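The values are calculated or read from the model by the stated rules, or taken from the named source; none is laboratory data. Predicted model, so just to flag it, every value in this text is computed and none were measured. Neighbour counts are summed over all protein chains in view; Cβ atoms, including those assigned to glycine, are modelled from backbone coordinates with ideal geometry.
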């Protein structure tokens with residue numbers, strides 16, 4: 001676990017606000033096609049991702065950026081309407097939520113189309129650099145979404161899973177997600193649990209189990225039991241980023257607090273990772289993010 005957790009602020013200093021740069025006329029990367037020469041990841045970090053299937057970049061985004069992203073996400077959550085395509089709502093209740101998430105949304109896809117700040121986040125030069133270095137290649141966007149844990153919501157129905165079954169067949173597995181935490185999140189507070197190294201064991205059968213008095217089925221990994229002793233559940237702080245492989249076993253934790261917990265998902269794929277059957281319906285999919293290691 002410690003090898004997969006990088007204290008980012010300590011290693012590279014406080015990150016600049018890309019949004020502030022855009023407000024002043026556009027980011028340097030988008031205006032000047034700046035090549036990435038920072039070398040944000042070292043060999044140890046890349047090897048850690050390859051070994052464990054995930055990497056935690058602690059303090060990757062500063063408090064100003066977190067506040068901007070939280071405000072932008074709260075704005076679109078307040079306007080969400082039940083029945084809208086690409087938006088999921090708490091299946092346990094139709095009662096109103098808290099001020100941050102009054103409609104009790106738990107996922108919202110294609111958010112880059114809903115607010116310019118969230119579009120800027122998808123194109124963040126430092127985040128793009130990390131993926132270019134992980135894949136040693138240019139990247140395209142794949143998904144832009146928010147994953148929200150409404151106040152006092154049981155997330156057990158989401159269950160242990162791998163993301164890759166939703167994407168395959170792919171030409172390779174150079175497609176991963178970055179989850180940016182905008183709140184403190186951990187066990188029973190909306191965090192994420194993972195099984196280190198499970199991505200190296202291939203894809204497992206996904207199942208759905210009827211549960212007594214539940215409004216939805218519980219998603220499971222068939223044959224998961226031997227992996228239970230290896231589970232880790234990190235404590236995340238606002239501004240932390242979790243990057244995880246599509247085959248790593250993971251689950252979203254319940255949120256037993258009085259405040260909704262917000263995370264942002266940005267998935268990217270290497271330009272040589274091809275969706276063979278064109279299954280994706282995400283509107284972010286195939287949007288070029290870098291060419292020649294520069295944000296476009």
**Request:** Inspect region 72-86 for any residue being surrounded by 20 or more Cβ atoms within 10 Å (Cβ to Cβ), out of contact with any strand residue (DSSP E or B) (no Cβ under 6 Å at 6 or more places or on another chain), within 30 Å of residue 293 (Cβ to Cβ) and touching a residue at least 24 places away in the same chain (Cβ under 8 Å) and give the result as yes or no.
**Result:** yes
**Prompt:** Which residue pairs have Cβ atoms closer than 9 Å, lie 6 or more positions apart in sequence or on different chains, and pair a first residue in region 218-232 that is closer than 17 Å to residue 199 by Cβ with a second residue that is at pLDDT below 95?
**Reply:** 232/1; 232/4
**Asked** Looking at region 43-65, which of its residues are in a helix (DSSP H, G or I) and over 14 Å from residue 247 (Cα atoms)?
**Response** 43, 44, 45, 46, 47, 48, 63, 64, 65
**Request:** Inspect all residues belonging to region 96-109 and state whether any of them is in contact (Cβ under 8 Å) with a residue 24 or more places away in the chain, surrounded by fewer than 18 Cβ atoms within 10 Å (Cβ to Cβ) and under 17 Å from the mean Cα position of the chain (by Cα).
**Result:** yes
**Prompt:** If you go through region 89-109 one residue at a time, how many are in contact with a strand residue (DSSP E or B) (Cβ under 6 Å, 6 or more places away or on another chain) and more than 11 Å from residue 77 (Cα to Cα)?
**Reply:** 2
**Item:** Only listed residue being over 20 Å from the mean Cα position of the chain (by Cα), over 15 Å from residue 165 (Cα atoms) and either at pLDDT 95 or above or in a loop (DSSP other than H, G, I, E, B) (or both), chosen from 238, 226, 234
**Value:** 226
**Asked** Of the residues 137, 103, 109, which is more than 21 Å from residue 240 (Cβ to Cβ) and touching a helix residue (DSSP H, G or I) at 6+ places or on another chain (Cβ under 7 Å)?
**Response** 103
**Item:** region 253-266: number of residues that are surrounded by 24 or more Cβ atoms within 10 Å (Cβ to Cβ) and in a strand (DSSP E or B)
**Value:** 6
**Prompt:** Within region 117-126, can you find the residues that are in a helix (DSSP H, G or I) and either over 23 Å from residue 281 (Cβ atoms) or without any contact (Cβ under 8 Å) to a residue 40 or more places away in the chain (or both)?
**Reply:** 117, 119, 120, 125, 126
**Asked** Do we find that residue 248 is closer than 26 Å to residue 96 by Cβ, touching a helix residue (DSSP H, G or I) at 6+ places or on another chain (Cβ under 8 Å) and either in a strand (DSSP E or B) or in contact (Cβ under 8 Å) with a residue 60 or more places away in the chain (or both) in this structure?
**Response** no
**Request:** Kindly indicate whether any position in region 104-112 is modelled with pLDDT under 95, within 22 Å of residue 157 (Cα to Cα) and not in a helix (DSSP H, G or I).
**Result:** no
**Request:** Kindly state which strands (runs of 3 or more DSSP E) lie completely within region 135-194 and contain at least 3 residues that are surrounded by 19 or more Cβ atoms within 10 Å (Cβ to Cβ) and at pLDDT 95 or above.
**Result:** 139-149, 175-181
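So which of 195, 209 is under 27 Å from residue 261 (Cβ atoms) and touching a strand residue (DSSP E or B) at 6+ places or on another chain (Cβ under 6 Å)?
Values: 195 fails: touching a strand residue (DSSP E or B) at 6+ places or on another chain (Cβ under 6 Å).
One residue alone meets the criteria, 209.
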**Request:** Could you grab me the full set of residues in region 195-223 that are loosely packed, with under 13 Cβ neighbours inside 10 Å and in a strand (DSSP E or B)?
**Result:** 208, 209
**Prompt:** Looking at 266, 255, which one is in contact (Cβ under 8 Å) with a residue 60 or more places away in the chain, out of contact with any helix residue (DSSP H, G or I) (no Cβ under 9 Å at 6 or more places or on another chain) and closer than 30 Å to residue 96 by Cβ?
**Reply:** 255
**Asked** Say we look at region 275-294 and pick out the residues that are touching a strand residue (DSSP E or B) at 6+ places or on another chain (Cβ under 9 Å) and surrounded by fewer than 15 Cβ atoms within 10 Å (Cβ to Cβ); which of these is nearest to residue 110 (Cα to Cα)?
**Response** 281
